[in-house]
Amino acid sequence: MSQYVFGVDIGGTSVKLGLFDVKGILLDKWEIPTRTQDSGSLILPDIAESIRNKITEKQIDTELIAGVGVGAPGPIDSAGVVHKAVNLGWDTFSIKVTLEELLQMPVMAGNDANVAALGEMWKGGGQGSNDLILVTLGTGVGGGLIVGGKVLTGSAGAGGEIGHIHVEDNETESCNCGNKGCLEQYASATGITRLANRKLKESDKDSILRDGEVSAKTVFDAVKEKDELAMEVAEEFGKYLGNALAVIAGVVNPDAIVIGGGVSKAGEVLMDYIKPYYEKNVFHGSRDVKFSLATLGNDAGIYGAAKLVLDI
Ligand SMILES: [Zn+2]
């Protein structure tokens, strides 16, 4: 009987690792730097070495380890093959096969945002849910969909790319992906800042935002002060995101929608702007959904990666 599982979350600058028991109790967590040189060829050997060191340190019998789950930024299909991860320097290869050869134990891999959704469902803001939408509002907009308890990976690992859903025909600036009018351009931290700067230019209303730095944080701080212009920005943000979530819900019929990422630190006030649009426009069969904030923060990835292995 397995007792332990490792969860690994590979980021552009550091790799987070967690040792869990199979019930999902985090026993230890640590980080190593992500060495992206040489087309990222050192990343998996570094991870293997770090895990081997931990096994020795904790004197764990390898027979008691269920395996290692890995989340990484990029499209990763259900066979554990990554299809180009630009941030890591990776081209197309099997993370699963490579790491299994290095460690001689079962490995599963998935896209980091999808894996984080699994983590939030298992031990975070989506506990008890089986059909969940996770949307992470950070520098970009990430997302993960869980359908029937399983991550929706898609054919090439690009399932759940909520940030690049087209929501605006009249956008003139390009998104990082090259398209115009993606959700990310309005609902990410960068997007909210952009909306605020546009609004400040168009309007001659007084606003706290005219006095200092404009960021997603200062916008929602100003909303809490009942700043009218900031509330208009929040309304626009809520309209784009609430409506997009209503569209996704039309496909997924979720029981939970979890909002995470840096912007979610603004708290429950976000829901005041997202929910009205969601509830107004969603099909009635999906109206009764539980909205919550993500609770695992930066640990969602290691939790979800560990769960990926336990779900085999
Ligand atoms: Zn895009």
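The values are calculated or read from the model by the stated rules, or taken from the named source; none is laboratory data. What you see is a predicted model; the values in this text were computed from it and never measured. A quick note on method: Cβ atoms are made from the backbone with ideal geometry, for glycine too, and the neighbour counts reach across all protein chains shown. Note: areas computed on protein heavy atoms with side chains; ligands, DNA, RNA excluded. Shrake-Rupley method; radii C 1.70, N 1.55, O 1.52, S 1.80 Å.
Comparison of Leu118, Leu102 shows that the only residue that is in contact with a helix residue (DSSP H, G or I) (Cβ under 6 Å, 6 or more places away or on another chain), open to solvent by less than 10 Å² (accessible area, probe 1.4 Å) and over 14 Å from Phe6 (Cα atoms) is Leu118. For Ala109, state whether it is over 20 Å from Ser292 (Cα atoms), more than 11 Å from the ligand (Cβ to nearest atom), in contact (Cβ under 8 Å) with a residue 40 or more places away in the chain and touching a Gly at 6+ places or on another chain (Cβ under 6 Å). Considered against the rule, which asks whether it is over 20 Å from Ser292 (Cα atoms), more than 11 Å from the ligand (Cβ to nearest atom), in contact (Cβ under 8 Å) with a residue 40 or more places away in the chain and touching a Gly at 6+ places or on another chain (Cβ under 6 Å), Ala109 comes out as yes. Hey, any hits in region 57-74 for a residue that's surrounded by 14 or more Cβ atoms within 10 Å (Cβ to Cβ) and either among the charged types (D, E, K, R) or not assigned by TED's automatic domain parsing to the domain that holds Ala306 (or both)? For region 57-74, residues surrounded by 14 or more Cβ atoms within 10 Å (Cβ to Cβ) and either among the charged types (D, E, K, R) or not assigned by TED's automatic domain parsing to the domain that holds Ala306 (or both): absent. Among the criteria (1) among the hydrophobic types (A, V, I, L, M, F, W, C); (2) free of Cβ contacts under 8 Å to residues at least 24 places away in the same chain; (3) touching a strand residue (DSSP E or B) at 6+ places or on another chain (Cβ under 7 Å), the one Val86 does not fulfil is (3). For region 298-307, the criterion of being open to solvent by 60 Å² or more (accessible area, probe 1.4 Å) and modelled with pLDDT under 95 is met by at least one residue. Taking the criterion of being touching a residue at least 12 places away in the same chain (Cβ under 8 Å) and farther than 20 Å from Ala72 by Cα, the residues of region 150-179 that qualify are Ile165, His166, Val167, Glu168, Asp169, Glu171, Glu173, Asn179. Of the helices (runs of 4 or more DSSP H) lying entirely inside region 155-249, those containing at least 3 residues that are within 12 Å of the ligand (Cβ to nearest atom) span 184-187.
Residues that are touching a Leu at 6+ places or on another chain (Cβ under 6 Å) and without any contact (Cβ under 8 Å) to a residue 24 or more places away in the chain within region 180-208 comprise just one, Ser207.
Being assigned to a strand (DSSP E or B), away from the ligand (no atom under 16 Å from the Cβ) and out of contact with any Cys (no Cβ under 8 Å at 6 or more places or on another chain) is not true of Ala117.
For the residues Ser50, Ser78, the requirement of being open to solvent by less than 70 Å² (accessible area, probe 1.4 Å), under 20 Å from Gly304 (Cα atoms), of a type outside the set (A, V, I, L, M) and not in a strand (DSSP E or B) singles out Ser50. In the set Ala158, Ala187, Ala113, only one residue is within 15 Å of Gly304 (Cα to Cα) and of a type in the set (A, V, I, L, M, F, W, C); that residue is Ala113. Which of the residues belonging to region 53-75 are among the hydrophobic types (A, V, I, L, M, F, W, C), over 23 Å from Asn111 (Cβ atoms) and outside any helix (DSSP H, G or I)? Across region 53-75, the qualifying residues are Ile60, Ile65. The condition of being over 30 Å from Lys23 (Cβ atoms), more than 16 Å from the chain's Cα centre (by Cα), open to solvent by 10 Å² or more (accessible area, probe 1.4 Å) and outside the structural domain of Gly69 (by TED's automatic domain parsing) holds for only one of Glu161, Glu173, that being Glu173.
Scan region 225-262 for residues that are touching a residue at least 12 places away in the same chain (Cβ under 8 Å) and farther than 17 Å from Ala189 by Cβ and the total you get is 22. When the residues of region 81-99 are filtered to those that are open to solvent by less than 50 Å² (accessible area, probe 1.4 Å) and within 23 Å of Gly119 (Cα to Cα), the one that is modelled with the lowest pLDDT is Ala85. Checking the stated criteria, Thr139 turns out to be open to solvent by 30 Å² or more (accessible area, probe 1.4 Å), in contact with a helix residue (DSSP H, G or I) (Cβ under 8 Å, 6 or more places away or on another chain), at pLDDT below 95 and closer than 30 Å to Val81 by Cβ.
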